[in-house]
Amino acid sequence: MPREARVDRRRYLQAIGGTVATLSVAGCQSGSGDSQTLTAGTAPGFPPFEMKQDGELVGFDVELLEAVVAATEYELSGWEELEFKSLIPALNNGNVDVVAAGMTINDDRDEAIDFSDPYYSSNQAIIVRESGSFSPSSLEDLSGATVGAQKGTTGESVIKDQLIEAGTIPESQYNAYGNYVLAVEDLLNENVDVIIIDVPVANSFVADRPIKSAFVHETGEQFGFGIQSGNDDLADALNSGLTTVEDDGTYRDLTEKWFGQK
């Protein structure tokens, strides 16, 4: 990428609250005139999919995309870290080439970008404080509660579409956050009563914080890697890479590492 383009991309990312993290990718093809370089975008604060540990970007999505790209003719040059709501604009502006951020494939997003084949399935967990007396068992039980979620996520869609529009809670009882780390902190500080969050991410928080999952709201959503609309070559490459990592056992190893699943 030309220096001018890199500078423009960094200015754009700074304007929307992004940071730059450059990672090396073991096994990538390098020095090939036919290879194409990709910059990936993600939104840390969504463990175990993407998070920061000792200043390093880690997680299931990070390792999976690196393995998938390494199985293609493409190279992964590094990662851009953004708020989740900024990922699709960054993709469509060409500031990132692929998004790996636990992003659910849905109709609204499908109109703005394209997706790889699904690589993970999830539902939404409703989490509350472990020591609290509030123990809802359905969305209807959230009437009167203050509810939180990360901006742009499926959890936010559940709140807006199935709680606010249904009249279960007023809009003033919804708190939106830049990431789920902040949302969970507010839950523990008793500023919200409930957080709606993807099940595997909820499990990660529950494992080391005094919170619990009250119930699971079935959404049957599927995650995919986001790419610009019409980039069929990249879509085909990512889908081929996904098949490779599933067939050679890499996908199984990563799910066991990050989710304890075999």
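The values are calculated or read from the model by the stated rules, or taken from the named source; none is laboratory data. Here the structure is a predicted model, which means the values were calculated and not measured. Please note: Cβ atoms are built from the backbone with ideal geometry, for glycine as well, and neighbour counts cover all protein chains shown. All accessible areas refer to the heavy atoms of the entire protein, side chains included, with ligands and DNA or RNA removed. Shrake-Rupley method; radii C 1.70, N 1.55, O 1.52, S 1.80 Å.
So that you can scan it fast, the table gives a plain yes or no per residue for (1) closer than 30 Å to D236 by Cβ; (2) buried (at least 16 other Cβ atoms within 10 Å of the Cβ):
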| position | (1), (2) |
| --- | --- |
| G102 | yes, yes |
| S116 | yes, yes |
| Q124 | no, yes |
| R129 | no, yes |
| V147 | no, yes |
| V158 | no, yes |
| Y174 | no, yes |
| E190 | no, no |
| I197 | no, yes |
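When the residues of the range 133-166 are filtered to those that are touching a residue at least 60 places away in the same chain (Cβ under 8 Å) and assigned to a loop (DSSP other than H, G, I, E, B), which remaining residue is nearest to F215 (Cα to Cα)? It comes out as S137. When restricted to residues that are more than 18 Å from the chain's Cα centre (by Cα) and farther than 20 Å from A43 by Cβ, the range 83-139 contains 13. May I ask you to list pairs of residues, at least six apart or on different chains, whose Cβ atoms are under 8 Å apart, with the first in the range 203-214 being surrounded by 15 or more Cβ atoms within 10 Å (Cβ to Cβ) and the second being hydroxyl-bearing (S, T, Y) and assigned to a helix (DSSP H, G or I)? What qualifies is F205/Y180.
Here is a check on your reading of the model: is T42 free of Cβ contacts under 8 Å to residues at least 60 places away in the same chain, open to solvent by less than 20 Å² (accessible area, probe 1.4 Å), within 13 Å of the chain's Cα centre (by Cα) and within 24 Å of E256 (Cα to Cα)? The answer is yes for T42. Of all residues in the range 215-237, those that are among the polar types (S, T, N, Q) have Cβ atoms under 8 Å from Cβ atoms of residues that are assigned to a strand (DSSP E or B) and open to solvent by 30 Å² or more (accessible area, probe 1.4 Å), 6 or more apart or on another chain, in T219/N123; Q222/S121; Q228/D114; S229/D114; N231/D114.
Flag set for V206, criterion: under 30 Å from Q162 (Cβ atoms), out of contact with any Phe, Trp or Tyr (no Cβ under 9 Å at 6 or more places or on another chain), of a type outside the set (G, A, S) and assigned to a helix (DSSP H, G or I).
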